[in-house]
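**Q** Before I ask anything, let me first share the structure, which is written out below as structure tokens.
The values are calculated or read from the model by the stated rules, or taken from the named source; none is laboratory data. What you see is a predicted model, and the numbers here were worked out from it, not measured in a lab. FYI the Cβ positions are ideal-geometry reconstructions off the backbone, even for glycines, and counts take in every protein chain you see.
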Amino acid sequence: MPELAEVEFFRRRWDVGVGQKVVDVALHADKRIFRGNDLATFQRVLPGAKLVGSEARGKQMLFRFSHDVWLGVHLGMTGELRHEPQEFSPGKHDHLVLRQSRQSLVFSDPRLFGRVLFHHGPHAPEWWSRLPPALTSDEFTLDRMMAFLKRRSRSPLKGVLLQQEFFIGIGNWMADEILWRAKIHPRRAAGCLDGAEAREVWKAIRFVCAGALRIVSKDYSDPPPSWLFRHRWEKGGRCPKDGTELGRETIGGRTTAWCPQCQPE
Ligand SMILES: [Zn+2]
């Protein structure tokens, strides 16, 4: 499942088409990634519209075109965006191809868990304006975070950090990285953090999100060895701060790694 930074990485791949008109649209209309769309209108209004810009919010992307056309993309498990030469022939997993004069913008998704949401109107679609604020934005405040944790007070923090209705874009490795940096055990109940601990979690969220966006979304490279990320997958992986062997367990429904020394239970 792509996380914040991977989504940003794919979003930027369509930047090459910004400022250019779509001249033709090819799509596999019967695929479930298009469910709920008025495809006839989509295919009528998109040709001639110019790609103006795009934004990612967590795992969602929104591409803005002229002529009041908007295209939302969710990558699901296996979705990818890329660009190809103008004259390329789509493969069987290339479900949406926007041809422009200089290249084709492609959405492919072998397992079809992704979603394409077309919108025609002067304002961004309602589902987009309902998304929570980005975790790197000024609207993501410590107070708002503490209020959310209070409403999930008995759930383990690991699981709560994965709840997309507030922690938009945080995926499994990021949640582990955040708790390791904040020195909080992943099984701690969300409601039992004191003010100082909550502040550490909030700071770690900002740090990990900003770092992931800076490092991973640039060219899909891994964070540096000082991050837990580089050790959590290894067999017998050790904490990069103190060399303690990492603990591993399923917490909040997901494989979790932590340092028993830095994050005592
Ligand atoms: Zn440690």
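Results for (1) surrounded by 16 or more Cβ atoms within 10 Å (Cβ to Cβ); (2) on the phi < 0 side of the Ramachandran plot; (3) not aromatic (Phe, Trp, Tyr), shown as yes or no for each residue.
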position: ILE170; (1), (2), (3): yes, yes, yes
position: ALA175; (1), (2), (3): yes, yes, yes
position: HIS185; (1), (2), (3): yes, yes, yes
position: ASP194; (1), (2), (3): no, yes, yes
position: TRP202; (1), (2), (3): yes, yes, no
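**Q** Being in contact with a helix residue (DSSP H, G or I) (Cβ under 8 Å, 6 or more places away or on another chain), of a type in the set (Val, Ile, Thr), surrounded by 20 or more Cβ atoms within 10 Å (Cβ to Cβ) and under 19 Å from LYS50 (Cβ atoms) narrows it down to one of VAL106, VAL69, so name that one.
**A** Just one listed residue meets the conditions, VAL69.
**Q** Continuing with this model, one more query. Quick one: in the range 233-249, of everything that is among the acidic types (Asp, Glu) and within 11 Å of the ligand (Cβ to nearest atom), which residue is farthest from ALA204 (Cα to Cα)?
**A** Looking at residues that are among the acidic types (Asp, Glu) and within 11 Å of the ligand (Cβ to nearest atom), I get GLU245.
**Q** I would also like to ask the following. Any idea which of (1) in contact (Cβ under 8 Å) with a residue 60 or more places away in the chain; (2) exposed (fewer than 15 other Cβ atoms within 10 Å of the Cβ) is the one SER155 doesn't satisfy?
**A** (2)
**Q** Restricting the search to the range 167-181, which residues are within 16 Å of the ligand (Cβ to nearest atom) and aliphatic (A, V, I, L, M)?
**A** Selection gives ILE178, LEU179.
**Q** When you check ILE184 against the structure, is it within 16 Å of the ligand (Cβ to nearest atom) and out of contact with any strand residue (DSSP E or B) (no Cβ under 8 Å at 6 or more places or on another chain), yes or no?
**A** Yes.
**Q** Taking into account only those residues within the range 18-58 that are of a type in the set (Lys, Arg) and out of contact with any His (no Cβ under 6 Å at 6 or more places or on another chain), which is modelled with the lowest pLDDT?
**A** By that ranking, first place goes to ARG57.
**Q** I've got another one for you. Please go through the range 1-22 and pick out each residue that is over 17 Å from GLY114 (Cα atoms), exposed (fewer than 15 other Cβ atoms within 10 Å of the Cβ) and touching a Gly at 6+ places or on another chain (Cβ under 8 Å).
**A** Of everything in the range 1-22, just one residue is over 17 Å from GLY114 (Cα atoms), exposed (fewer than 15 other Cβ atoms within 10 Å of the Cβ) and touching a Gly at 6+ places or on another chain (Cβ under 8 Å), namely VAL18.
**Q** Can you give me the number of residues within the range 18-41 that are part of a helix (DSSP H, G or I) and either outside the structural domain of PHE63 (by TED's automatic domain parsing) or among the hydrophobic types (A, V, I, L, M, F, W, C) (or both)?
**A** Of the residues in that region, 4 qualify.
**Q** Suppose the filter is more than 16 Å from the ligand (Cβ to nearest atom), without any contact (Cβ under 8 Å) to a residue 12 or more places away in the chain and touching a Phe, Trp or Tyr at 6+ places or on another chain (Cβ under 7 Å); does ASP194 pass it?
**A** no
**Q** In the range 53-76, how many residues are charged (D, E, K, R) and in a strand (DSSP E or B)?
**A** The total comes to 3.
**Q** Name the one entry in ARG214, ARG230 that is surrounded by fewer than 20 Cβ atoms within 10 Å (Cβ to Cβ), within 16 Å of the ligand (Cβ to nearest atom) and more than 20 Å from GLY252 (Cβ to Cβ).
**A** ARG230
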